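What follows is calculated from the coordinates using simple rules that are stated; it is not laboratory data. Keep in mind that this is a model prediction, so the values were computed, not measured. FYI the Cβ positions are ideal-geometry reconstructions off the backbone, even for glycines, and counts take in every protein chain you see.
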Amino acid sequence: MAAKSRIHSKTTISSREAEDLLEEGWKKADLHVHSCCSYDVPPAKAMHPEALYAKARERGLDFVTFTDHDTMKAFEILDRDTEGLVPGVEIAIKDPENVGHTIHTNVFELDFEEFEELEKIANQDHDLPAFMRYLRTHDLPHVYNHPFWFAVGERPNLWAVPELMKQFPVVEYNMQDLMQKNLIVSALAKNYGKGLVATTDSHTGGMGAVYTLAPGDNFKEFFENVKKGKSCMVVEGGTWKHLTKELNAWVELVFNIDRQVREEMDFTTNVRTFDRLIGVFASERLREFPRLNHTTMRLFQNFSRSGLPAYMYIRSEKPLVSRIEKVVDLMA
């Protein structure tokens, strides 16, 4: 009993320790997962919501959600009464007056009408205070996603991030972001009394590689316990490991879709050089030669497995991490 009590007091635990909590009835969830309904996910059969739901359940996820970018199409495909299914969406909002850069919020247990209202506030009004008021007044569970991730080309307002975190009940420990950023997020969440969730943010079907545990007979109870800090995260591995797996899966997905479909997509791996190379070599002409196409795909997979693309991304983010640390230190 004493050993289990010690587990309860931890923020992060091992997968072996997680088994003890699951035996106690705690539930398991990965609250940031994308399906082919997202504009930046290849339309492969393996990424269809039905296929991903089955995969998530096989991996032991009690609550399954899809947080596609500004769309709830996955929940038009799936029966909303499906066991363990939680309606969700990732909404981007840029409020030039109050923040300056785009922030991403995962919202859960909303209906289509509520989604349309939130999209209007985000995309037409660009009004973050109104957006946050709507979430609170409608009692919608919501998470501040990857607080220190910023869209390419934007100038981040680093000073705004800690203040934004104070407005959210839960913030995200995102395994595709740098560990240093996640550690800063964790420290700020602890200081502000905010809940934490560990997520894969997978765009390739890698859900459940990291996850959050909390008690709760339903999702509302589960999320309330996360808000209160009665939860644990399993985050074994690191950015390099998880990003390498994600990139390798990207290669296979992208090499197996039509060029026209690929050109209509706005996908990115966050490693821009890697994206450009895939764009050049995963061509329609190459698909006319299956053996050459397969060989080229294998070369890219070996390249991604080497960890070099992930290393390139991690290195490119180091200057930003230094700036974040300075801002957080000055605000302390």
- Query: Which is the longest part of the chain that has none of the chymotrypsin sites (Phe, Trp or Tyr not before Pro) sitting in a DSSP loop with at most 14 other Cβ atoms within 10 Å?
  - Reply: 160-332
- Task: At 0.36 nm per residue, minus the direct Cα-Cα distance, what do residue 76 and residue 133 gain on full extension? Give it in nm, one decimal, please.
- Result: 17.9 nm
- Query: Is the range 75-145 best put as rounded, prolate or oblate by its Cα gyration tensor, with a ≥ b ≥ c the root eigenvalues, rounded for a/c under 1.5, and otherwise prolate when a/b is larger than b/c, oblate when not?
  - Reply: prolate
- Message: So if each residue of separation counts as 0.36 nm, and I subtract the Cα-Cα distance between residue 220 and residue 236, what length gain in nm does that give?
- Response: 3.1 nm
- Message: Considering only C-alpha atoms, what is the centroid distance from the range 148-204 to the range 36-52, in Å?
- Response: 25
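Cα gyration tensor of the range 87-127, axes a ≥ b ≥ c as square roots of the eigenvalues: rounded (a/c below 1.5), prolate (a/b > b/c) or oblate?
Oblate.
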- Dipole magnitude of the chain, debye to nearest 20 (Cβ charges: Lys/Arg +1, Asp/Glu -1, about Cα centre): 1640
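Excluding the sites themselves, what is the longest stretch of the chain that contains no GluC sites (Glu not before Pro) in a DSSP loop with at most 10 other C-beta atoms within 10 Å?
Result, exposed sites excluded: 98-287.
Using a/c under 1.5 as the rounded threshold, could you call the chain rounded, prolate or oblate? The axes a ≥ b ≥ c are square roots of the C-alpha gyration tensor eigenvalues, and prolate needs a/b larger than b/c, oblate otherwise.
Here the chain falls in the rounded category.
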- Item | Rule-of-thumb Rg ratio for the range 127-200 [Cα; 2.2 N^0.38 Å; N residues] | 1.10
- Item | Beta bridge orientation in the range 1-146: antiparallel %, DSSP, nearest 5 | 70
